[in-house]
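Notes follow the structure.
The values are calculated or read from the model by the stated rules, or taken from the named source; none is laboratory data. Worth saying up front: this structure is predicted, and the values here are computed from it rather than measured. Here Cβ is always computed from backbone atoms with ideal geometry, including for glycine, and neighbour counts include all displayed protein chains.
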């Protein structure tokens, strides 16, 4: 296969050089050009026809968000945003994902700047083959209006494309949803902004997980990332545990760590694998399924990158592939006291009525 053609767009010559040097080490990639602003980027895209571009958020004359919106409307193509991990930068990065960017990476300041781009080659290769989701294409999902929890806990892993996927899943959750833990591959600063963004948009309470927080109905706990994996400890009264340890499968937070930590309560668990590149969590999900958990994966058609769900399905860790618009109702069926009644009601419901449980 020919190398993936990459265009680097950033107003900083230093950042462009750091990205270029990192990408040129990888034979899968070919840096075909650079641009210092949106106007130069437009001309380079026409002339060079890149497969994927890296795009800075903050640029002169036209910022990255404005350019991204125009690009996805007029000439959709895979875009990976490069953003500072400040609050402002993290908020902008999440907005970029909602506008159609495939992924965002953090741009830390100082001597660690070059380290920020260590994972960029893999991300660009995955982005070049990603399924582009048009902004606003996600259908509205009505949350369940009544729900009786059966005591099962929910563990969700996601990566590239996960921001929109998670918002779709949680949009179908009732206010008294099953306790849910989420590990999303993302820099710590982005995760804090993500939790703050989600909370007012969905019915349950969404928060960054904290050490010792009890898993309560109506609450969704997101891994804070940074130096910690999100795990769970305790059988009778499970609680969040922030585990300071090395990266697993190249990630911190790692889906594998979260799944493995829940093995003692596998029979009371539902595991879900959403869109993302790589295989993080597949082996852990298999162990959970073998220990009695119900395990499902997002289907290929609705995944931005099918890597993580594919890995789970290929090794038999997930028992079924489900479209993203049906995953919330699948979760609610598995965590509802009257599962048979819930399933019958879901089959009889129209597209706008999801996951009701008497």
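General remarks:
- Boolean, residue 25 is at negative phi, part of a loop (DSSP other than H, G, I, E, B), loosely packed, with under 15 Cβ neighbours inside 10 Å and at pLDDT below 95: yes
- Subset of segment 45-56 that is within 26 Å of the chain's Cα centre (by Cα) and part of a loop (DSSP other than H, G, I, E, B) - its residue that is surrounded by the most Cβ atoms within 10 Å (Cβ to Cβ): 50
- In the condition set (1) over 16 Å from residue 123 (Cβ atoms); (2) in contact (Cβ under 8 Å) with a residue 12 or more places away in the chain; (3) within 23 Å of the chain's Cα centre (by Cα), residue 32 is compliant with all but (3).
- Checklist (1) modelled with pLDDT of 50 or more; (2) over 20 Å from the mean Cα position of the chain (by Cα) applied to residue 356, failing item: (1)
Residues are listed down the side, and each one gets a yes or a no for (1) farther than 15 Å from residue 9 by Cα; (2) over 19 Å from the mean Cα position of the chain (by Cα); (3) in contact (Cβ under 8 Å) with a residue 12 or more places away in the chain:
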site: 43; (1), (2), (3): no, yes, no
site: 58; (1), (2), (3): no, yes, yes
site: 72; (1), (2), (3): yes, yes, yes
site: 83; (1), (2), (3): no, no, yes
site: 88; (1), (2), (3): yes, yes, no
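- Per the conditions (1) out of contact with any helix residue (DSSP H, G or I) (no Cβ under 6 Å at 6 or more places or on another chain); (2) more than 21 Å from residue 131 (Cα to Cα); (3) surrounded by fewer than 18 Cβ atoms within 10 Å (Cβ to Cβ); (4) modelled with pLDDT under 95, the sole criterion not satisfied by residue 84 is (3).
- Some residue of segment 144-154 being in contact with a helix residue (DSSP H, G or I) (Cβ under 8 Å, 6 or more places away or on another chain), at pLDDT 95 or above and within 26 Å of residue 83 (Cα to Cα): no
Okay, residues lined up against (1) at pLDDT below 95; (2) assigned by TED's automatic domain parsing to the domain that holds residue 161; (3) buried (at least 24 other Cβ atoms within 10 Å of the Cβ):
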| position | (1), (2), (3) |
| --- | --- |
| 274 | no, yes, yes |
| 281 | no, yes, yes |
| 289 | no, yes, no |
| 297 | no, yes, yes |
| 330 | no, yes, no |
| 338 | yes, yes, no |
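- Meets criteria (in contact (Cβ under 8 Å) with a residue 40 or more places away in the chain and either in a loop (DSSP other than H, G, I, E, B) or farther than 23 Å from residue 207 by Cβ (or both)) for residue 276: yes
- Those strands (runs of 3 or more DSSP E) of segment 170-253 in which 1 or more residues are free of Cβ contacts under 8 Å to residues at least 12 places away in the same chain are absent.
- Subset tally (residues that are under 15 Å from the mean Cα position of the chain (by Cα) and part of a loop (DSSP other than H, G, I, E, B)) for segment 285-299: 1
- Filtered by the rule that a residue be within 26 Å of residue 201 (Cα to Cα), modelled with pLDDT of 85 or more and not in a helix (DSSP H, G or I), segment 87-129 gives 100, 101, 102, 103, 104, 105.
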